[in-house]
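This report concerns only the one structure given below.
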Amino acid sequence: MKIIDGKNISNKIIENIQKKVELKLKSGFRAPKLAIILIGENYASETYVSAKIRTCEKVGISTQLFRFDSNVKSSEVTGKIEELNYHPDYDGILVQLPLPSHLHQREILDIINPLKDVDGLTSLNTGFLALNRPKFIPATPLGIQKLLIESKVGIEGKHIVICGRSNIVGRPLSNLFSNDQVHSNATVTLCHSKTNNLINHTKNADILIVAVGNPEFINESMVKEGSIVIDVGINRVKDFSNKKGYRIAGDVNFDSVINKVSMITPVPGGVGPMTIAMLLENVLKSSS
């Protein structure tokens, strides 16, 4: 059994991005620049944004954070996005999710210029991916594909089962891996909360990708012998033996499946670091 080290793989990608940015600067071009829009005071969002800014600074990508109160009007947010769309100094625009409940996520995301949509979440970029003409692929699906490539996992012809159909992970993953592209061409089954007899699907997966937001949901009885498991989940679980009062757990019961699978990503240290690395890759691409 092999643990797929997302932290190590992401560090190599980040080092390569840093070299490309340095070369860009030496060639007389300005540094790539990312605009980040953060609405409200969500602890998890604050943490993710800080990590993105910190990693961008490490590789030489400029960032600017635009903060809005949680009760902001939709018109204020879309107005700022439209301003950034036309501003030549900004290569990428990212709206940190989730948004406060009174804001319409789709309406706000679709204001972003698709050429600056480094999260790949506008309807246009979603459509391009579905039509096998991807421009910007969402960072988490792209990171998962890269993890498998770097781990020498053949994807073509494999049966990939995805648990979770979110617009950020599950749906784009199903399109990405079923497309007629290198490192794709898999047979994909997309499962969700209404799927009957889920275990019948997960037990037939060569590669099982889990993104359901339910701690330790997948156990040993639900996976195939020798399969590969990618755990996208990151959940806080109460644990009073830990001085923080909680521990971080994935959507897969790691200890339960570890002796049955051939490869697995840990939580933390698996998919998470790859998401930021691939975001940076998209920002670099948007500046080209």
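The values are calculated or read from the model by the stated rules, or taken from the named source; none is laboratory data. Bear in mind that the values here come from a model prediction, so they are computed numbers and not experimental data. Here Cβ is always computed from backbone atoms with ideal geometry, including for glycine, and neighbour counts include all displayed protein chains.
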Task: helices (runs of 4 or more DSSP H) completely within the range 120-185 that count 2 or more residues being touching a Ser or Thr at 6+ places or on another chain (Cβ under 6 Å) - done: 139-150
Task: Subset of the range 81-116 [under 21 Å from the mean Cα position of the chain (by Cα), over 18 Å from Arg67 (Cβ atoms) and in contact (Cβ under 8 Å) with a residue 40 or more places away in the chain] - done: Asp91, Leu115, Lys116
- [ ] Taking the options Val223, Val271, Val257, name whichever one is surrounded by 15 or more Cβ atoms within 10 Å (Cβ to Cβ) and within 15 Å of the chain's Cα centre (by Cα).
- [x] Val271
Task: Complete set of residues in the range 110-159 that are over 27 Å from Val49 (Cα atoms) and touching a helix residue (DSSP H, G or I) at 6+ places or on another chain (Cβ under 7 Å) - done: Ala130, Ile155
TODO: Consider only pairs whose beta carbons are under 7 Å apart and that are at least six residues apart or on different chains; among these, list those whose first residue lies in the range 229-243 and is surrounded by fewer than 17 Cβ atoms within 10 Å (Cβ to Cβ) and whose second residue is charged (D, E, K, R).
DONE: Val237/Arg247; Asp239/Arg247
TODO: Go through Gly154, Gly170, Gly213 for me and flag whichever is under 25 Å from Asp5 (Cα atoms) and surrounded by 17 or more Cβ atoms within 10 Å (Cβ to Cβ).
DONE: Gly170
Task: the range 186-201, subset hydroxyl-bearing (Ser, Thr, Tyr) and assigned to a loop (DSSP other than H, G, I, E, B), residue modelled with the lowest pLDDT - done: Ser193
- [ ] Determine which member of the set Gly143, Gly157 is more than 22 Å from Leu99 (Cα to Cα) and more than 17 Å from the chain's Cα centre (by Cα).
- [x] Gly157
- [ ] Pull up the range 202-252, narrow it to residues that are β-branched (Val, Ile, Thr) and not in a strand (DSSP E or B), then point me to the one that is modelled with the lowest pLDDT.
- [x] Ile234
TODO: Pull up the range 270-288, narrow it to residues that are farther than 20 Å from Gly164 by Cβ and part of a loop (DSSP other than H, G, I, E, B), then point me to the one that is modelled with the highest pLDDT.
DONE: Ser287
